[in-house]
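The values are calculated or read from the model by the stated rules, or taken from the named source; none is laboratory data. In this text the structure is predicted, and so the values were computed from the model without any measurement. So basically every Cβ, Gly included, is an ideal-geometry build from the backbone, and we count neighbours across all protein chains shown.
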């Protein structure tokens, strides 16, 4: 549904641009480029401005409605890119530890036999 409304929104935007450019203005318009000549409009000398204005009004209302609807759709979809990514599975460690290598005693046992140094008391 969101894709359909987006396509309609884009088409309405282009149509609104064309309708605004066709309308007569103080400095001239695109209507003269299409052969309007002295009639000051594309549709003819009588009533053309009102037709273009009405079409522009309704297309602008449709544009505003699609804007609001797309905004509502965007705020209600609580989708996150991070939520949609799969969680990577880490390799599990073997259940049994590996056998110790033959050689000198483990350094952990030697460090346990040595008492820890006691910090010296400050001199008074």
- Query: Does segment 97-106 include one or more residues that are modelled with pLDDT under 80, under 30 Å from residue 16 (Cβ atoms) and not in a helix (DSSP H, G or I)?
  - Reply: no
- Task: Among residues belonging to segment 52-69 that are in contact (Cβ under 8 Å) with a residue 24 or more places away in the chain and under 10 Å from residue 19 (Cβ atoms), point out the one that is surrounded by the most Cβ atoms within 10 Å (Cβ to Cβ).
- Result: 52
